[in-house]
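Beneath this line is the structure, given in structure tokens, with notes to follow.
The values are calculated or read from the model by the stated rules, or taken from the named source; none is laboratory data. Keep in mind the model is a prediction, meaning the values are calculated, not measured. For neighbour counting, all protein chains shown are included, and Cβ atoms are generated from backbone atoms with ideal geometry for every residue, glycine included. To get the accessible areas, we keep the full protein, side chains included, count just its heavy atoms, and leave off ligands, DNA and RNA. Shrake-Rupley method; radii C 1.70, N 1.55, O 1.52, S 1.80 Å.
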Amino acid sequence: IDTGDGQIVFEPTPDRIDVLQRPADAPVLWLSAEQSNSSLIVDDAVMLKIFRRIASGQHPEAEMGRYLTAQGFANAPLLLGEVARIDAAGERHSLAVAQSFVRNQGDAWSWTLNQFNRALDDLATREASADARDDNVEDYLSLAGTIGRQLGIMHTVLARPTDEEAFTPRRAGPKDVVEWIRRANGLLENAFVAIGQRANWENETTEVEVRDLLAAQAKLAAAMQRLGETGKGNLMTRIHGDFHLGQVLVASADAYIIDFEGEPARPLAERRGKANPLRDVAGLLRSIDYAAATTLDPKNRAAAGLPEVKRRKFVTRLREGAERAFLRAYREATAGQPDLGGPDLLDFFLIEKAAYEVGYEAANRPAWLPVPVGGLARLASRVLGPAWGADS
């Protein structure tokens, strides 16, 4: 369609045109969930995602969808086509993408909270059998493993050699590592400022964590230098970039990865950049921690029926079990790709992510601040060992 400033173009994926050919009277369902885009489902077959933030250049949602579809990755929505505006200078602005609709039972965040709450309900009900409680735990551990396996498969696909420059893997060089450490320590400094400025905390546990973190600030910054440097020479590829439980659909005991646009507030070039795949792994692990913290909230109806010590012990078991199941399946799926980085590099990205979360919660949701503070404290304790704590 010609416009006064170029053209609007409709570009179907060549071998998917038949899926786009829906009846003129096909039902349309607008999704009302809070999202950074507007989405609708056409004829229970096509998901049309309309972008609210328009920027010039290749859009990562369309670019990643097109590449993964061409590479045969089955656990993400297939890219059926793209709508774009090509301006008079030939610059591209993506307006929308059409994707295959994945029938699902909701996203993994909602599924996880339901599963955790059901497990707590069963634990609080005397009539609940041990088998029922174990079933709830096993179901969740199974999903965590499935997510790990599918993420690992996707990362392996993105690590393949290719002539497409935007997806050609490369190795992390000294400049990459310096930038990682600079960014992570900047986030840590902001996190320490945020927790140092807060005068009162809701419970003694968080007060102790804050005291120990502030005492260990210099040691943690030094540890980040050491941990980050282990990434030199490791793989850098395209990654999801904003991976958490809400970016996974649960569908018939399988997991589908969605939403590849990265963090919408970041520049398009940065969202299309290459990074170490363990950033995605860290994002999912931190998301599991958030799910556990949400379940532990005493305002949660399911949690209120149990003594705090018993509740915390059970949810900690769920969280740690899910983390192990996710990591085990991920490592199995990426066993043929040894250059992703080891546990030290994963700890680096986990601390970076927790520090980012502290800054975000302090600025936007102060009531949630104890969640990433607790996560950051556990990570610092693990990394620093005997050097951890205000009394060390």
Summing -39500 (n - 2.57) over every DSSP H run of at least 4 residues in the chain and dividing by its residue count gives a helix-only mean residue ellipticity at 222 nm, to the nearest 500 deg cm²/dmol, of -17000 deg cm²/dmol
Full-extension gain in nm, residue 202 to residue 214, via 0.36 nm per residue minus C-alpha separation: 2.6 nm
From the Cα gyration tensor of segment 194-351, with a ≥ b ≥ c the square roots of its eigenvalues, which class applies: rounded if a/c is under 1.5, or else prolate if a/b is larger than b/c, or else oblate? oblate
Lysines with Cα under 17 Å of residue 310, excluding same-chain neighbours fewer than 8 positions away: 299
Under a Gaussian network model of the chain whose springs join Cα atoms within less than 10 Å, the largest fluctuation of 326, 101, 348 belongs to 101
At a Förster distance of 56 Å, what's the computed FRET efficiency of residue 17 paired with residue 183, Cβ-Cβ distance as r, to 0.05? 0.85
Charge dipole (debye, nearest 20) of segment 256-392; +1 at Cβ of Lys and Arg, -1 at Cβ of Asp and Glu: 520 debye
Mean-square fluctuation maximum in Gaussian network of the chain, Cα pairs under 10 Å, restricted to 106, 359, 152, hits 106
Tilt of helix 204-215 relative to the longest C-alpha principal axis of the chain, in degrees (0 to 90, nearest 10)? 80 degrees
So the label point goes 7 Å from the Cα of residue 222 along Cα→C-beta, right? Which residues of segment 327-365 then have their backbone N under 13 Å from it? none
Compactness relative to 2.2 N^0.38 Å, alpha carbon Rg of segment 113-269: 1.40
FRET efficiency for residue 110 and residue 367, using Cβ-Cβ distance with R0 set to 25 Å, rounded to 0.05: 0.75
How do 50-61, 4-15 rank on mean C-beta neighbours within 10 Å, highest first? 50-61, 4-15
Find the eigenvalues of the gyration tensor of the Cα atoms of segment 150-222, then list the square roots of 5 times those eigenvalues as equivalent ellipsoid semi-axes, largest first, in whole angstrom. 39, 17, 10
Ignoring ligands, DNA and RNA, please state the percent of accessible area on the chain from carbon and sulfur, probe 1.4 Å. 51 percent
Starting from the Cα coordinates of segment 1-53, work out the convex hull volume and express it per residue in Å³. 124 Å³
Longest principal axis of the chain (C-alpha) makes with the long axis of helix 278-296 (C-alpha) an angle, in degrees to the nearest 10, of 60 degrees
Let me see the P(r) profile for the chain: every Cα-Cα distance counted, bins of 10 Å, each bin given as a percent of all pairs. 5, 21, 29, 26, 14, 5, 1, 0
Listed residues 309, 210, 248; largest mean-square fluctuation, Gaussian network over the chain with Cα springs below 10 Å, found at 309
Using 0.36 nm per residue of separation minus the Cα-Cα distance, give me the extension gain between residue 56 and residue 41 in nm, one decimal. 2.8 nm
Listed peptides 283-289, 331-337 by packing density, highest first (mean Cβ within 10 Å): 283-289, 331-337
Would you work out which of 37, 180, 86 lies farthest towards the positive end of the dipole of the chain, given +1 charges on the beta-carbon of Lys and Arg and -1 on that of Asp and Glu, about the Cα centre? 180
Please list log₁₀ I(q)/I(0) at q = 0.18, 0.19 Å⁻¹ for segment 64-123, using the Debye equation with identical point scatterers on the alpha-carbon positions. -0.78, -0.82
How much of the calculated P(r) for segment 6-164 lies past 20 Å, in percent of all Cα pairs? 63 percent
Over segment 270-379, volume per residue of the alpha carbon convex hull, in Å³: 120 Å³
If r is the Cβ-Cβ distance from residue 253 to residue 332 and R0 is 25 Å, what FRET efficiency results, to the nearest 0.05? 0.90
With the 1.4 Å probe rolled over protein heavy atoms, segment 172-224 has an accessible area per residue in Å² of 55 Å²
Note on segment 214-296: C-alpha Rg/Rh, Kirkwood Rh, two decimals, gives 1.04
Relative to the longest principal axis of the chain, what angle (0 to 90°, nearest 10) does the C-alpha long axis of helix 130-158 take? 50 degrees
Classify segment 27-84: rounded, prolate or oblate, from the alpha-carbon gyration tensor (a ≥ b ≥ c, eigenvalue square roots; a/c under 1.5 rounded; otherwise prolate if a/b is larger than b/c)? oblate
About its Cα centre, the chain carries a charge dipole, from +1 on Lys and Arg Cβ atoms and -1 on Asp and Glu Cβ atoms, whose size in debye to the nearest 20 is 920 debye
